[in-house]
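What follows is one structure encoded as structure tokens, with my remarks underneath.
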Number of protein chains: 2
Amino acid sequence: MIKVMYNNEDILALASFYKDQLVNDTVPFWFPRSLDHEFGGYLLMRDEKGDLIDTDKAVWIQGRACWLLATLYNTVEQNPDWLEGAKLGYEFLKDKCFNKAGKMYFHVDRQGNPIRMRRYFFSETFAVIACAAYAKASGDQQAAKLARDLFGICLEYAHGERQMEPKFEQTRPSKGIGIPMIMINTAQQLRETIGDPRCDVAITAWIQEIEDNFVKDDIRCVMEQVDLDGRIIDHIDGRTLNPGHAIEGAWFIMHEGIYRGMDQKLLDLGLRMLDYMWERGWDKEDGGILYFKDVYNKPVQEYWQDMKFWWPQNEAIIATLLAFLITNDEKYAQMHKQIHDYAYLHFHDQENGEWFGYLHKDGSIAQTAKGNMFKGPFHLPRQEWYCWSIIEQFQKAR
Amino acid sequence: MIKVMYNNEDILALASFYKDQLVNDTVPFWFPRSLDHEFGGYLLMRDEKGDLIDTDKAVWIQGRACWLLATLYNTVEQNPDWLEGAKLGYEFLKDKCFNKAGKMYFHVDRQGNPIRMRRYFFSETFAVIACAAYAKASGDQQAAKLARDLFGICLEYAHGERQMEPKFEQTRPSKGIGIPMIMINTAQQLRETIGDPRCDVAITAWIQEIEDNFVKDDIRCVMEQVDLDGRIIDHIDGRTLNPGHAIEGAWFIMHEGIYRGMDQKLLDLGLRMLDYMWERGWDKEDGGILYFKDVYNKPVQEYWQDMKFWWPQNEAIIATLLAFLITNDEKYAQMHKQIHDYAYLHFHDQENGEWFGYLHKDGSIAQTAKGNMFKGPFHLPRQEWYCWSIIEQFQKAR
């Protein structure tokens with residue numbers, strides 16, 4: 001393998017590349033055509049060319065798209081179209097995506113009539129970051145209040161003070177890394193837009209929860225699920241690892257280490273998590289991050305476990321870049337180059353812009369939708385935005 | 001393409017092949033090692049070699065395995081080991097798989113402690129066929145009563161007299177082919193083991209429901225979901241077709257046509273359903289039946305839609321064989337040979353017996369489990385058993 005090392009010129013070229021992709025390829029795929037001026041929100045379910053395949057609205061993605069537009073306005077350029085676009089999403093979320101009890105739907109139709117409620121509260125976490133970013137962009141105090149109120153509700157769910165309908169019986173209680181991980185990022189976004197005094201304490205506790213219960217140094221692994229005491233549950237579900245998810249958590253924690261003035265303990269934790277899950281998730285045969293692995297290499301339930309989804313690649317591009325910026329270790333330059341080259345070669349649609357979402361293990365395209373119930377303008381533009389902006393931040397600190 | 005035509009000798013050779021595979025390859029993979037003499041029921045979650053990967057028990061598969069053992073006893077040979085094995089499953093279902101309200105769990109642990117309840121009633125439908133087949137094998141009147149009582153509960157669910165927890169809000173009501181289809185087979189099995197006067201009327205009504213609402217002759221298609229009036233719902237979920245499911249329904253209806261003295265209207269309906277969904281589901285590039293297709297060839301939500309699962313191949317092997325036996329049309333001999341050859345070449349594990357469950361589109365193995373939450377001793381042994389026994393039946397009728 002050829003040794004890779006990034007000098008400062010290479011890093012600046014990466015920043016330019018990501019910003020250029022973001023502004024000239026990814027964002028124009030979605031906007032302005034996805035703005036629904038008639039009913040509010042966004043029309044995001046699109047095929048490879050960008051033609052609409054469904055007018056329904058996935059509430060997660062409505063929130064994420066609103067966050068993106070507001071964040072672009074806050075950090076890239078004060079483009080009034082982006083602010084207007086963010087407002088469309090904010091108002092649709094606020095007016096159309098809650099049931100009477102104040103819980104957010106998962107899926108609504110174009111007009112905002114409810115299609116599906118789900119048990120968990122991820123619609124709320126994405127609404128927090130949308131409302132917070134929009135509040136910063138617009139100065140709208142009602143949006144700021146909604147962000148903080150929803151964050152309070154998320155905290156209640158996360159702490160068990162507000163009950164989710166249980167999916168499982170009480171025989172074998174378990175907990176997942178998803179909630180602490182998403183909550184770290186939700187709190188970081190809230191803090192870094194409009195601020196909230198609850199964030200720092202909460203982030204510290206969730207990172208501790210991940211380190212104590214999910215990170216297994218003895219077997220070099222980050223678990224996706226554990227029992228209530230943090231032990232591995234030796235059944236199919238309990239053994240199933242999600243490397244992309246763990247690597248996403250790794251960079252949230254590295255981000256926190258940077259935010260806290262290069263807190264070495266946090267940086268080390270994030271780097272370890274990346275190392276462990278790269279070892280387990282990187283496909284040495286075909287490249288890319290695999291979707292699921294079994295902790296003991298037994299078969300997992302999910303038959304599509306060896307597919308390559310877009311978002312684990314996005315998370316790994318961020319995590320490896322951050323790891324390099326933090327350590328200057330050529331190991332991470334190598335990893336970053338591997339995942340960057342793999343992803344932009346196989347996922348990026350040169351012809352129509354944006355990325356395909358779903359590849360077979362061998363890198364061929366399995367499914368051509370650019371937007372559906374789970375994919376929209378989020379992981380890819382967030383990666384391009386974050387990589388560009390974190391390089392800028394490191395450059396300024398030189 | 002080489003023309004294929006089966007003469008009587010070929011058909012007899014197929015019957016021998018299926019019976020031999022059933023008795024000497026498929027069944028011995030599972031039994032006796034899966035019988036749980038300690039806690040009852042079966043230990044069915046196994047890797048390619050047959051080693052246990054989980055001691056949990058999926059209630060669907062417990063019922064299906066019990067049905068298989070009792071059916072082998074009833075139809076292949078009165079082997080007391082099969083009867084004893086069926087009893088283990090029957091008693092586990094009866095004693096361990098119901099909650100206090102009388103609803104069956106989806107997933108329990110080895111001892112029968114509940115892990116997961118699901119909203120629908122497919123655990124019940126598989127328990128009906130298990131109890132009915134066991135009642136016939138053993139003469140146990142309590143098992144016969146349980147089969148009939150559970151069938152009554154299934155009828156109440158199917159007719160909406162007993163409510164399932166709704167998955168969706170009321171904005172866009174829909175219905176699936178799954179319930180009428182599974183209920184046809186449940187009633188057929190009940191009728192053809194211990195008999196029940198409710199079956200014939202119910203089967204007639206469900207077939208009518210499928211013909212009137214799900215079969216679209218104008219576009220040569222069997223829908224998986226429609227609105228309450230049988231119209232296509234032009235959203236991602238509503239457009240998603242499941243060819244294996246529709247082909248399974250096709251042979252249940254052909255079976256009914258044969259049972260009713262070669263009822264031409266039913267036979268024609270089953271043949272049309274097979275024709276339509278073979279056209280849409282057969283992978284002309286790589287062979288095998290694809291998992292999902294969009295009715296208008298748009299992208300479907302499920303990213304693994306082009307994988308080849310074991311069970312659609314099993315259903316297509318049965319349906320094409322039945323279609324040939326009914327029509328003597330070389331078109332169906334050709335189709336049967338294509339799917340038979342594809343499936344036994346790619347899915348069958350020559351070394352360890354049984355079939356792999358999950359192949360990539362190109363026919364390579366994606367996941368090696370022989371048994372998990374959804375795969376166990378059912379579709380493959382049912383196919384081998386049914387194909388063998390239906391040929392015997394047609395031979396006797398000559």
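The table that follows gives values for the structure above.
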{"quantity": "Failed item, numbered, when B:S123 is tested on (1) among the polar types (S, T, N, Q); (2) open to solvent by 10 Å² or more (accessible area, probe 1.4 Å); (3) closer than 24 Å to B:D196 by Cβ", "calculated": "(2)"}
{"quantity": "Qualifying residue in region B:256-267 (condition: within 14 Å of chain A (Cβ to nearest Cβ) and among the basic types (K, R))", "calculated": "no"}
{"quantity": "Any chance B:G371 is in contact (Cβ under 8 Å) with a residue 60 or more places away in the chain and within 14 Å of another protein chain (Cβ to nearest Cβ)", "calculated": "yes"}
{"quantity": "A:D212 being acidic (D, E) and without any contact (Cβ under 8 Å) to a residue 40 or more places away in the chain", "calculated": "yes"}
{"quantity": "Test: B:K3 is surrounded by 17 or more Cβ atoms within 10 Å (Cβ to Cβ) and among the basic types (K, R)", "calculated": "no"}
{"quantity": "Residue within region A:284-301 that is basic (K, R), under 25 Å from A:H348 (Cβ atoms), out of contact with any strand residue (DSSP E or B) (no Cβ under 7 Å at 6 or more places or on another chain) and at pLDDT 95 or above present", "calculated": "yes"}
{"quantity": "Residue satisfying all of: in region B:268-307; part of a loop (DSSP other than H, G, I, E, B) and hydrophobic (A, V, I, L, M, F, W, C); nearest to the other protein chains (Cβ to nearest Cβ) among these", "calculated": "B:W304"}
{"quantity": "Unmet requirement for B:A137, which otherwise passes all of (1) part of a helix (DSSP H, G or I); (2) modelled with pLDDT under 95", "calculated": "(2)"}
{"quantity": "Any hit, region B:71-80, residues being touching a strand residue (DSSP E or B) at 6+ places or on another chain (Cβ under 8 Å), open to solvent by less than 10 Å² (accessible area, probe 1.4 Å) and either at pLDDT 95 or above or among the hydroxyl-bearing types (S, T, Y) (or both)", "calculated": "no"}
{"quantity": "Those residues of region B:266-310 which are open to solvent by 10 Å² or more (accessible area, probe 1.4 Å), basic (K, R) and in contact with a helix residue (DSSP H, G or I) (Cβ under 8 Å, 6 or more places away or on another chain), in sequence order", "calculated": "B:R272, B:R280, B:K293, B:K298"}
{"quantity": "B:V59 being surrounded by fewer than 21 Cβ atoms within 10 Å (Cβ to Cβ) and at negative phi", "calculated": "no"}
{"quantity": "Matching residues in region B:44-54 - criterion: being under 16 Å from A:R239 (Cβ atoms) and either crowded, with 19+ Cβ neighbours inside 10 Å or at the interface with chain A (Cβ under 8 Å from one of its Cβ atoms) (or both)", "calculated": "B:M45, B:R46, B:D47, B:I53, B:D54"}
{"quantity": "Residue in region B:168-175 that is exposed (fewer than 15 other Cβ atoms within 10 Å of the Cβ), under 26 Å from B:K57 (Cβ atoms) and modelled with pLDDT under 95 present", "calculated": "no"}
{"quantity": "Spans of helices (runs of 4 or more DSSP H) in region A:155-240 with at least 2 residues closer than 30 Å to B:M373 by Cβ, within 14 Å of another protein chain (Cβ to nearest Cβ) and touching a strand residue (DSSP E or B) at 6+ places or on another chain (Cβ under 8 Å)", "calculated": "A:236-239"}
{"quantity": "Residue selected from region A:218-239 under the condition among the β-branched types (V, I, T) and within 23 Å of the chain's Cα centre (by Cα), by the criterion surrounded by the fewest Cβ atoms within 10 Å (Cβ to Cβ)", "calculated": "A:V226"}
{"quantity": "Per-region count, region B:346-398, residues at pLDDT below 95 and open to solvent by less than 10 Å² (accessible area, probe 1.4 Å)", "calculated": "1"}
{"quantity": "Per-region count, region B:94-115, residues touching a strand residue (DSSP E or B) at 6+ places or on another chain (Cβ under 9 Å) and without any contact (Cβ under 8 Å) to a residue 60 or more places away in the chain", "calculated": "11"}
{"quantity": "From the options A:N74, A:N24, residue that is touching a Lys or Arg at 6+ places or on another chain (Cβ under 6 Å), more than 14 Å from chain B (Cβ to nearest Cβ) and assigned to a helix (DSSP H, G or I)", "calculated": "A:N74"}
{"quantity": "Which numbered condition A:K100 fails, given (1) within 17 Å of A:Y386 (Cβ to Cβ); (2) within 14 Å of chain B (Cβ to nearest Cβ)", "calculated": "(1)"}
{"quantity": "B:N372, sole failed condition from (1) in a loop (DSSP other than H, G, I, E, B); (2) farther than 30 Å from B:K57 by Cβ; (3) in contact with a strand residue (DSSP E or B) (Cβ under 8 Å, 6 or more places away or on another chain)", "calculated": "(2)"}
{"quantity": "Condition broken by B:L88, with the remaining ones in (1) crowded, with 16+ Cβ neighbours inside 10 Å; (2) farther than 14 Å from B:Y42 by Cβ satisfied", "calculated": "(2)"}
{"quantity": "Those residues of region B:176-207 which are open to solvent by less than 20 Å² (accessible area, probe 1.4 Å), in contact with a Phe, Trp or Tyr (Cβ under 7 Å, 6 or more places away or on another chain) and under 10 Å from B:G249 (Cβ atoms), in sequence order", "calculated": "B:I177, B:P180, B:M181, B:I184, B:N185"}
{"quantity": "Every residue from region B:139-161 that is under 24 Å from the mean Cα position of the chain (by Cα), farther than 23 Å from B:G249 by Cα and surrounded by fewer than 22 Cβ atoms within 10 Å (Cβ to Cβ)", "calculated": "B:A144, B:K145, B:L146, B:D149"}
{"quantity": "Residue match in region A:103-120 (condition: modelled with pLDDT of 95 or more and away from chain B (no Cβ under 14 Å))", "calculated": "no"}
{"quantity": "Sole residue being of a type in the set (V, I, T) and open to solvent by 10 Å² or more (accessible area, probe 1.4 Å), chosen from B:T327, B:T320", "calculated": "B:T327"}
{"quantity": "Filtered residues of region B:243-265 (kept if open to solvent by less than 10 Å² (accessible area, probe 1.4 Å) and in contact with a strand residue (DSSP E or B) (Cβ under 9 Å, 6 or more places away or on another chain))", "calculated": "B:P243, B:G244, B:A246, B:I247, B:G249, B:A250"}
{"quantity": "Selection from region A:88-97 of residues that are away from chain B (no Cβ under 14 Å) and in contact with a helix residue (DSSP H, G or I) (Cβ under 7 Å, 6 or more places away or on another chain)", "calculated": "A:G89, A:Y90, A:F92, A:L93, A:K94"}
{"quantity": "Residue match in region B:46-63 (condition: out of contact with any Pro (no Cβ under 8 Å at 6 or more places or on another chain), closer than 20 Å to B:E384 by Cβ, part of a helix (DSSP H, G or I) and of a type outside the set (V, I, T))", "calculated": "yes"}
{"quantity": "Some residue of region B:310-333 being modelled with pLDDT under 95 and within 13 Å of chain A (Cβ to nearest Cβ)", "calculated": "no"}
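The values are calculated or read from the model by the stated rules, or taken from the named source; none is laboratory data. The structure displayed is predicted, hence computed values, not measured ones. Note that each Cβ is placed from the backbone with ideal geometry, even for glycine, and that neighbours are counted across all protein chains shown. In case anyone asks, the SASA skips ligands and DNA or RNA and just uses the protein heavy atoms, side chains included. Shrake-Rupley method; radii C 1.70, N 1.55, O 1.52, S 1.80 Å.
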